[in-house]
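Down below is the structure, laid out as C-alpha cells.
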Amino acid sequence: LLDEYDFIVVGAGSAGAVVASRLSEVPHWKVLLLEAGGDPTPTSDIPSLSLYLQKTDIDWQYQTEPEEGMCQGFRDKRCYWPRGKVLGGSSVLNYMIYVRGMKGDYDAWSKAGNNGWSYEDVLPYFKKSQDMTSETLLRKDSNGDTYHARGGPLTLEEYERTEFGEIILQAAKELGYENLDDLNGKHQLGFANVFGTLRNGTRCSTAKAFLSPAKFRENLHVAKYAHVTRILINDQTKTAHSVELRGKDGKIFSVKFRNEVILSAGSINSPQILMLSGIGPQEHLKEIGIQPIVKNLNVGENLQDHLIFTGAMFATKASENYRLSPLQTLDTYYKYLSRRSGPLSTHFGATVTGFIKTRFAADERPDLQFNFIVIPANDTNAVNLISSVIGYCNETTKSLQETLNLYDVFLIIPTLIRPKSKGRILLRSGNPLEHPKIFAGYLSDPEGTDLARMLEGIKFAQHLMNTKVMKAKESKQKKLFLEACENLEFDSSEYWECALRQIGTTLYHPVGTCKMGPSSDPDAVVDPELKVYGVKGIRVADASIMPSIVSGNTNAAIIMIGTSGVSGVGTVLFTSLITTLMESQRQLGNPDDYPDDATSHLLDEYDFIVVGAGSAGAVVASRLSEVPHWKVLLLEAGGDPTPTSDIPSLSLYLQKTDIDWQYQTEPEEGMCQGFRDKRCYWPRGKVLGGSSVLNYMIYVRGMKGDYDAWSKAGNNGWSYEDVLPYFKKSQDMTSETLLRKDSNGDTYHARGGPLTLEEYERTEFGEIILQAAKELGYENLDDLNGKHQLGFANVFGTLRNGTRCSTAKAFLSPAKFRENLHVAKYAHVTRILINDQTKTAHSVELRGKDGKIFSVKFRNEVILSAGSINSPQILMLSGIGPQEHLKEIGIQPLVNNLMVGENLQDHLIFPGALFNLKKSDNLQLSPSLLLDIYYKYLTRRDGPLSTHLGTTVTGFIKTKLADDERPDLQFHFIGVLANDTNAVNLLSHVIGFYDETTKSLQEVVSLSDTVLIIPTLIRPKSKGRILLKSGNPLEHPKILAGYLSDPEGTDLARMLEGIKFAQHLMNTKVMKAKEGKQKKLFLEACENLEFDSSEYWECALRQIGTTLYHPVGTCKMGPSSDPDAVVDPELKVYGVKGIRVADASIMPSIVSGNTNAAIIMIGEKAADTIKKEWLHK
C-alpha cells in the first residue's frame, strides 16, 4: 500500500465496487478499496447455490437483538441477517433479482429536499451501469420512453422460465393482474418473470461487473481482509485524514487520503464505523466510552427493512416433474457446464415476482410484493436448508416436514415493501470486531399499518391458491406448527398476527441508517451530495443513505447510488479545479492447464514428432521432452479437454461430441444387428489426452499371464517382470495399503509419478454386489492389480482430487512450459513422407485447422501414437500395409506386405442381462439435494459427481472354458432408478438401440429400479480388421469388428456362461432381499425364440453385443519370424527406418481387463526405449 491515496473507499460491495471502479477511471487519481472479506468463492458464481452461501466465511452472519413482537418463533428469538463479507458484498449472496423500485420512491426522496434524486435524475445512473440483453426491453415504450441501456458493465439477463413460474403467472392473470414484460418500466402493478444480474447464466456481482475490468489499473489498489476500525478525524478542523484498519495478520495500522473517504460498508457497517469514529448519537457514544467529535447525528437510526412471511403454506399433489433422478442430475450439471442454462442457472424457488396494491396503500404505488418457493414432496434436504438459514425451531421444521411427506409444498411469501416501522443500529462496545446491536423494529408502527398490510398479503396468497389453475393442482392450505399460536383459531386474524410475530423475517434489505436529507432534516446524517454533516472529507454511498426504502429488491438501487455518488464527487472536484463452478469451476478443464497451441510458430525440423496426444502419445512426448536438447513436436487432431470432461460422472455425455472421433463399425452378419443401421458405435478421443478423456477412468492393468504370453511369442522385454516397473513409473498411488509389500514381499504400486490413482468412492449398490459375489464364493479383493484377479473389488481410477486425471493432465500439464516441446492442436496428420529409395521416413504431412496441408521434418523418428484405428490408417495412407488392399485404394505400397490393420481385437460386452430390484428411497434425488451434490463437488470434489455412471465395482470369474489359470470374463454393472427416463434415453442414444428396444427398457424401468449386469469377454478369439475406405485421410476407415466370428464358437460359449453367472449373482440371498427378478428386453429378431434358452441368448448377443471401447492389435508387435507382425519388440515398423508405433495397436493379444493402464505403460516403455537408443548414438 501507498502512504497516501486521493480516495479511499471502504467496502467493496454493491455500491463500493462501483465507486472504486468509477473513480479509478481518472488515471491520475490514486484509489484504495478496502474490503473485510476476500474473493468470491466458485460456488457463489452459480445462481442456484445462493442459499448455500449463507452462514459461510463470506457472510458477516449478523443477528437481530431479541425484541417483543418480532422473530419470536426463531432460535433465541433472533432473526438471521446475512450480509456479504466479500468482494461484491451482498451482490455475491443475494438472489440477483434486478428490481429498481418505483418512480414514486425516488420522487419522494426529491420532495423531501434531496435535490438531484428524483426518478428523472437517477434513471440515467441505472442505465449507465446496464448491459441489458433483452432487445424487447431496449425498445422505446408507447410513450417514447426507454428504461434500459446496453454497453454498461452490469449484465442483465432474464431468468430461465420455469413450469411453476408460468403457473403463478396464469393464476395472477386469473385474479386480474397483468403479466408484465418489465417490472422496471412505467408500471409495477402485476406479475412478471424477473431479470437478474446474470452473465451467461452465472452471477454478475459488482465484483465481476465493476472490479474485474479494473483489475489491471495501476491507480487502483484493493486490500482484502482489511477490517476498517475507524476513520481518523482532526478534532480541531473536523477534517478526516486517515482510515485505521486491521489487516489479515491482526495488526492495526492507518492509511492517509488527500481528498475523501467514501463509506460503502452497508447499512450495518457504515453506521458502526461512523460511531466508532466519534460520529453519532452523543449520549449513546458516551455510554460506550467514545468521545463524540461532531454534533449529535442520528447515525444508526431510521433502519428499515423488507419484512417477509414464510408461513403461508399450501400443499399440492406431488408432481413427478419435480423428481430429479441421478441421470437427470448429471444432465443438469452437463447443461450448466456446457451451456450455462437449466436449473443451476436460476435460483431456489420460482423466478416470478409481482406487486399488488392493498386497500391500505397511501398512494398510487403497489404496497406489497410476492416471492415464491416450491419444495417437492419428501425433499428433506430443502426443509433442512431453509430451516438452517431462516432459523426455525425444531418443532416448526418437523411440521413442515410432515406436510412434505405427502405433498409438494408452495410457500407464498408476502413482502412489506414500504414499512412504517423502523429500527436502529447501536454499538455493543468500542470493539470494532464485535457485531453491533441490530434492533429491526418489525411491526412496531403505532398505527398497526404494517401488520394490516401483511394480513392482506396472506389473504391474497389464499386467493391466488384458490384460482382454477391452482385448484387443478389440488391446492390446500396447511398449517405450520408455531407453539405460541396453537391456542388460536387457525386462519383467524389473531392467528395470523401471532404467526407474523413468530416467523416474520428479513428479505435481506436493510437500509436508511445514515439517512440522506437536507440540512433542515434533524434526522439526516448526509446531505444530498452524500457528505456527512459536520465533518469534511467523508461521504457515504450505500443503502444506508436511503431516506425511505425503495419498493422492491434493493440491489439495483444501491448500484445506482454508487454510480450517482461518484458522479457527485467528480462534479465537485472538476468545478473547483469514477469470474468464481467458479475458481473451483474455472479449475475444471482450464485451458491454462495445458500447453499452448504452437501451430503458428512451428520449427522447420524437430528431433522427434509424436502423432496423437492420447493415452500413450502424451506420455511419449512428455518423457522425450525431458531431454532438454531434443526438440519434440506433438501433433493432436483435437484441442483441449472440455470442463465437463474433468467431472467423472459426465463420461457418457462426452460421447458423440466434438472431442469424439465418432467411429462406427461396418455392418456385418452375426453382430451389432440390433443397433441402428446394424452398426456398433465406437467412441475414441479426439482431444489432448485422447480416450483417457472419454473413458471411465478404471485403472486395471490386465494379468501377469497376458504379458508373459507376449514375451513367450518372441517379444523380448515385454514379460510381466519387464513391464511392471513402467506401470509403477507412471503412478502416484494414494492408497497407503496398496503401497505396502504383500505377503510375498512384492510391491505392485508406487507414488511420486505423474498419474494420480484414487479409489472410487464406495456406493451402497457396489457394496451389495460385493456381498453377493462373496456369497457365491468370490473373494472381495483389495487390489485388482496385485497377484490375483479372481474376485471382485471396488476399483481405483485415474483420478486426482475427485477429477479426471487424463494423460493430458498427468503428463502434458507439467511439461507445458518446456521450450523444447511444441504441441500443435487441431493438426490432422494425413500421412508420413518416406524416401522411396532409402525407405527412410523424414517428414509428417498434416492438415491444419485452417484446412491447409503442409509438412514438418524430423531428424530422428516419428512415433505413431494415434490409436488402434488412426495409427493403421496413417500407415496405410503412407504406403505401408497390405499390398493388394493399398493398390485397390490407389496407394502405391512403399514396403513389403505388412499386415497393418489386421489382428483387431476388442472387449465384447452384453448389456441385455436385465434385472429389476425394489425401488430404493435412498437413491431418489430431489432438486435441492441436486444442489447439495453440486455444492459438495465444487467445494470438496467428492460425492456422486466424483464417480461414474453405474457402480464402481468390477470383478473377474473363471469359466469352464478358460484356457489357463487366468479368469476369462469380467463384469461391469449399471444401475437405473425407477422412472429414470433420462438414463434410458442416454444409454439408448450412446449405445444405439432401436426405438422398440428403448421402449421396452423404459417399460422395465417404469416398474422399479433396474440393474444391468454386463459380462465382458476379456480374451476374445474372434478378430477383425481396419481397412481404408479411400485415399482421403479425412474419411473414416472401415472398421470390421468381427465379434463372435471365431470358428470354434468359444467366444459365444463364454458369453453364455457370463449370462448364467449374472443370473446366479441375482439369485443370491442379498439380491433376493432386494426382490431381484430377471426381465426381458424387446429384441424383434429374437421374439420367436424361447426366453432364457441358449438360442435366445445367442440371438440377443448377436443383436446387442457391443464394444467396451478397447480396440487393440492393428499394428501387431512380434518378432521378425511372425508373418503378421507390423512392429518389432522395440516398436519399430518393419521395412522402414524412422517410424515407431506406441499405442494399443501394438498389442499382440488384448490384455485381460480395461486397457488404458496398459496403453500408458506402453508409452512409458516406448519413451525409455527411444531414450536408450538415441542418447547413446
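Derivation of every value follows stated rules applied to the coordinates shown; laboratory data play no part. Everything quoted here is computed from the prediction, not taken from an experiment. Note that each Cβ is placed from the backbone with ideal geometry, even for glycine, and that neighbours are counted across all protein chains shown.
Couplings 3J(HN,Hα) of region 512-524, computed from phi: x, 7, 10, 3, 7, x, x, 4, 6, 8, x, 9, 6 Hz, in residue order, whole Hz [Karplus 6.51 cos²θ - 1.76 cosθ + 1.60, θ = phi - 60°; x for Gly and Pro]. Listed by chain and number, the aspartates and glutamates whose alpha-carbon sits under 16 Å from that of Lys473, ignoring those within fewer than 8 places in the same chain, are Glu163, Glu166, Glu174, Glu320, Asp408. List the pairs from Lys295/Lys422; Lys729/Lys1172; Lys173/Lys471; Lys849/Lys887 whose alpha-carbon separation is above 20 Å, in the order I gave them. Beyond 20 Å: Lys295/Lys422; Lys849/Lys887.
Inter-label distance, His28 to Leu739: 6.2 nm, where each label sits 7 Å from its Cα along the C-beta direction. Using a cut-off of 12 Å between beta-carbons, work out the net charge of the residues near Arg359 (Lys and Arg +1, Asp and Glu -1, Arg359 not included). In short, +1. If you bin all the Cα-Cα distances of region 677-721 at 5 Å, starting from zero, the percentages per bin are 5, 18, 13, 11, 13, 22, 13, 4, 1. About its Cα centre, the dipole of the chain is roughly 1500 debye, where the only charges are +1 on Lys and Arg Cβ and -1 on Asp and Glu Cβ. Using the Cβ-Cβ distance between Asp677 and Phe1091 with R0 set to 30 Å, the FRET efficiency from 1/(1 + (r/R0)^6) comes to roughly 0.70. Considering only beta bridges that DSSP places wholly inside the chain, some 70 percent are antiparallel.
Exposure proxy shown here: for Val540, Val255, the number of other Cβ atoms within 10 Å sets the order, fewest to most, as Val255, Val540. Between Lys55 and Gln170, the distance separating the two model label sites (each 7 Å from Cα on the Cα→Cβ line) works out to 3.7 nm.
Entry note: region 1072-1114 has Rg to Rh equal to 1.14, where both radii use alpha-carbon atoms and Rh is the Kirkwood radius. The chymotrypsin sites (Phe, Trp or Tyr not before Pro) of region 484-520 meeting both criteria, a DSSP state outside H, G, I, E and B (loop) and at most 14 other C-beta atoms within 10 angstrom of the site's C-beta, are Phe490.
Taking other C-beta atoms within 10 Å as the exposure proxy, Thr1114, Thr737, Thr798 rank Thr737, Thr798, Thr1114 from fewest upward.
Remark: for residue pairs Lys825/Lys1038; Lys631/Lys1038; Lys248/Lys420, the C-alpha separation exceeds 31 Å in Lys631/Lys1038; Lys248/Lys420. Between Lys787 and Leu1007, residue separation times 0.36 nm minus the direct Cα-Cα distance comes to 75.0 nm.
Could you list the residues of region 257-288 with an amide nitrogen less than 19 Å from a label point located 7 Å from the Cα of Leu433 in the Cα-to-C-beta direction? The answer is 269, 272-273, 276-277, whose backbone nitrogens lie closer than 19 Å to the label point. Within a Cβ distance under 10 Å of Tyr720, other residues only, what is the Lys/Arg minus Asp/Glu net charge? Residues near Tyr720 contribute -2 overall. Backbone N atoms of region 29-72 closer than 17 Å to the 7 Å Cα→Cβ label point of Lys248 belong to residues 33-42, 57-59. Per the Debye calculation on the chain with a single equal scatterer at every Cα and no solvent contribution, log₁₀ I(q)/I(0) for q = 0.06 Å⁻¹ amounts to -0.61. By the count of other C-beta atoms within 10 Å, a proxy for reagent exposure, Lys887, Lys357 are ordered fewest to most as Lys887, Lys357.
The residues packed around Ser868, meaning those with a beta-carbon under 13 Å from its beta-carbon, carry a net charge of +1 if Lys and Arg are +1 and Asp and Glu are -1.
Think of it this way: in the chain, Cys204, Cys393, Cys514, Cys805, Cys1115 stand alone, with no other Cys Cβ under 4.7 Å. Listed by chain and number, the aspartates and glutamates placed with their C-alpha closer than 13 angstrom to that of Lys918 are Asp1009, Glu1075; residues fewer than eight positions away on the same chain are left out. Label positions at Asp964 and Ser388, each projected 7 Å from the Cα along the C-beta direction, are separated by 5.5 nm.
Measuring between alpha carbons in the structure, the pairs from Lys85/Lys286; Lys256/Lys536; Lys728/Lys1177; Lys958/Lys1060; Lys478/Lys919 lying more than 18 angstrom apart are Lys85/Lys286; Lys728/Lys1177; Lys478/Lys919. For region 1028-1089, the gyration tensor built on C-alpha atoms gives a prolate shape. Its axis ratio a/c (a ≥ b ≥ c) is at least 1.5, and a/b is the larger of a/b and b/c.
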